[in-house]
Amino acid sequence: MAWRRLLLLLGQFPFDPTSGAAQSMRQTAELLAARGWAVRCLATDACEGSVTGDTLSMLAGAGHSPTIADGTVLPDARSMLLESGGVAHELVRVLEARKRHWPQDVGAEYDARFERLVRAFRPHVVLTFGDDPGDVLRRELARAAGARVVFALHNLAYLPRRPAACDAYLAPSAFLARRYAEQWRIDIATLPTVVMTDRVVATTRDPAFVTVVNPEPAKGLWLVARIAERLGVERPDIPVLVVEGRASAGTLIAAGRAGGVALDSFENLMMARATPDVSQVWCGTRVVLVPSVVEEAAGRVAIEAMLNGAVPIASDRGALPETLDRAGRVVPLPGDYTLATHGPIDPAVAEPWVRAIVELMDDEQRFEQASRLARETAARHLPERVGDAYESWFDSLAT
């Protein structure tokens, strides 16, 4: 057995295409596996947003053939067992309609598998997030068994109260680490988001679209609706692709209607379901919009797009300016445009966004220069660039 052992512990699907946090956690585990760690994952197959097909079909589409295992303590429970990226996964199945209630439905099965893993696998480090009572109890059990618990921070939700039973806290950006360090008065480790290129970087490129991912209020729904309106009316030759996530295409259409515009009448506006193979999205993306209203922890969408040569136009919220650095364009949002904004915004707010889009769509030389800078900037998130830092930090915990 390898002397360094990591258990990735999640309450959701580690392959969830609608959750950047879940993907980042899984890819961190894969990076450590590639660096010689023995890595196991215990999770569920609950996705945050709407996805095409069920998770078994999703895994099959990614080339995986999971073994279906019967419950260990619940006769009706089922789990999917598979290996991916050097990580052995146990994924407890949940009902889509009950995914928020899986602790009540299959929590006993999940906990039985967790206790068995702690005894048999004996992890040195448990990497996790979540702060429900069950999460805290599992962290306490892991620590009692000798494991060090790392709590991964992917948003600002935990600022009011520091999660208990943890040995270290890990942030993906200097911005997020600083916010938590100031609030909690403790050190927060920072490791850049790692992006494993499989199914992220496209092998061929035909960049044509202005792409938006997950048009929910936190990600700039009302601004996206105004941008789509402007382009639909003034530049119908510019194709816009909206990729669903936690929010569906219907959310954007409804936002347009609230502003008096039938966005579904614009032929240049196209919708797509979330896919685990995001290279299918990025292969056709020329410009990616990241108009987040909330303070982003890092901005994984922007990083993935930039690795493919897409040019980001992002808001100034959270870590987005840090993530873009000199690449793309950071457009400040009005201070009164917040998550409390529940209706259409002033069309003038969209003006600098539309102007930046048109420049990148019409000026090939400008786009090519911006595309090269985007690739160079995002390269710092590749495993060969961040691997040593990850290995050193996690090794220090396992020692």
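The values are calculated or read from the model by the stated rules, or taken from the named source; none is laboratory data. What you are looking at is a predicted structure, and each value in this text was computed from that prediction instead of being measured. Ideal geometry is used to build each Cβ from the backbone, glycine not excepted, and the neighbour counts take in all protein chains shown.
For region 181-219, residues that are surrounded by fewer than 20 Cβ atoms within 10 Å (Cβ to Cβ), outside any loop (DSSP other than H, G, I, E, B) and either outside the structural domain of Leu252 (by TED's automatic domain parsing) or not small (Gly, Ala, Ser) (or both) total 7. Could you check, for region 63-72, whether at least one of its residues is buried (at least 22 other Cβ atoms within 10 Å of the Cβ) and either modelled with pLDDT under 95 or of a type outside the set (S, T, N, Q) (or both)? Within region 63-72, not a single residue is buried (at least 22 other Cβ atoms within 10 Å of the Cβ) and either modelled with pLDDT under 95 or of a type outside the set (S, T, N, Q) (or both). May I ask you to list the residues in region 294-350 that are in a loop (DSSP other than H, G, I, E, B), acidic (Asp, Glu) and within 15 Å of the chain's Cα centre (by Cα)? Hit for region 294-350 is Glu295, nothing else. The set of residues from region 88-116 being in a helix (DSSP H, G or I) and either within 24 Å of Trp37 (Cα to Cα) or hydrophobic (A, V, I, L, M, F, W, C) (or both) comprises Ala97, Trp102, Val106, Ala108, Tyr110, Asp111, Ala112, Arg113, Phe114, Glu115, Arg116. Scanning region 41-85 for residues that are of a type in the set (D, E, K, R) and not in a strand (DSSP E or B), which turns out nearest to the chain's Cα centre (by Cα)? Only one residue tops the list, namely Glu48.
Would you mind stating whether Asp336 is surrounded by fewer than 23 Cβ atoms within 10 Å (Cβ to Cβ) and either farther than 24 Å from Ala208 by Cβ or polar (S, T, N, Q) (or both)? Yes; evaluated as a whole, the condition is true for this residue.
Every residue, every condition in (1) under 21 Å from Glu216 (Cβ atoms); (2) among the hydroxyl-bearing types (Ser, Thr, Tyr), yes or no:
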site	(1), (2)
Ala305	yes, no
Leu320	yes, no
Ala327	no, no
Thr338	yes, yes
Gly343	yes, no
Pro347	yes, no
Arg372	no, no
Tyr390	no, yes
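If you go through region 293-312 and keep only what is within 19 Å of Ala228 (Cα to Cα) and surrounded by fewer than 24 Cβ atoms within 10 Å (Cβ to Cβ), you end up with just Val293. Of all residues in region 51-78, those being in contact (Cβ under 8 Å) with a residue 40 or more places away in the chain and more than 17 Å from Pro14 (Cβ to Cβ) number 2.
All but one of (1) assigned to a helix (DSSP H, G or I); (2) over 30 Å from Glu384 (Cα atoms) hold for Phe175; which doesn't? Condition not satisfied by Phe175: (2). Being out of contact with any helix residue (DSSP H, G or I) (no Cβ under 6 Å at 6 or more places or on another chain) and among the acidic types (Asp, Glu) is a property that Asp105 lacks.
All of Arg139, Arg161 fail the test of being among the charged types (D, E, K, R) and assigned to a helix (DSSP H, G or I), apart from Arg139.
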